[in-house]
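Here's the structure we're looking at; comments come further down.
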Amino acid sequence: MTVQSSPTRNHAALRRAVVALLLACSLTVGAVACSKNKGGTSASPGASASPSPSPTSSFEKQKFAKTRFVANAGLAAGATYQWIVKPYKAGTFKKGAQGRKTALVKAGLAGVFTYNRLKAAVRNAQGDPALSKALAPLSSGIESLKDLGTKLRKGEAGTGDVDQFQNVINNVKDAGKKNGAEVKDQVPSASQLGG
């Protein structure tokens, strides 16, 4: 037995389809109107062209720059002390020491982590003119840490290498303190070191 559809059902289905089509078109037009145009400016007059929230005044930019600097430099300082300086002073890096291999791997990771966080801290400091100027002379010291992580991991680092890490960290901390961005050690977790 075949059921015939009535003209009333066909009209109701057609109306629903037309309403759905009109609704889809109006949503599309609304979305296009709210988005940026090809020139990169916003369609609404008071909207910001920046895709993420950003500080509006130069004071706020400097404050955020210092905050980020303190966070990154603090992580670098914490990693250096916890996984490089402290085990070195305890003699854990010496041949035959218990836990030497693990300590060396962590020290290697900490060395790379410290270098990366210090580079990020320098980039953050560029938002504050005084802090940026204070860190400029330290860039060569920070750059000298680049390959020391590998040297630590291989067990080839000596007192001079460990002292170099400590000196660079102390210089960065001093520069921050003199410019209103006091850095305190923040020990990163082992998972943060790895990546």
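Bear in mind these aren't lab numbers, they're just calculated from the coordinates by the rules spelled out. Just so we're clear, the structure is a prediction, and the values are computed from it rather than from any experiment. Please note: Cβ atoms are built from the backbone with ideal geometry, for glycine as well, and neighbour counts cover all protein chains shown.
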Q | Efficiency of FRET between LYS133 and ASP185 - r from beta-carbon atoms, R0 25 angstrom, step 0.05 | A | 0.55
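Give, in nm to one decimal, the length gained when the segment between SER144 and GLN126 is fully stretched (0.36 nm per residue of separation minus the Cα-Cα distance). Could you put the intermediate results ahead of the total?
Working: separation 18, 0.36 × 18 = 6.48 nm, distance 2.01 nm.
That pair, SER144 and GLN126, stretches by 4.5 nm at full extension.
So what are the stretch 120-195's ellipsoid semi-axes, whole angstrom, largest first, if each one is the square root of 5 times an eigenvalue of the alpha-carbon gyration tensor?
So the equivalent ellipsoid measures 24, 15, 12 Å along its semi-axes.
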Q. Debye sum, Cα scatterers, the stretch 136-180, no solvent: what log₁₀ I/I(0) at q = 0.15, 0.19 1/Å?
A. -0.41, -0.60
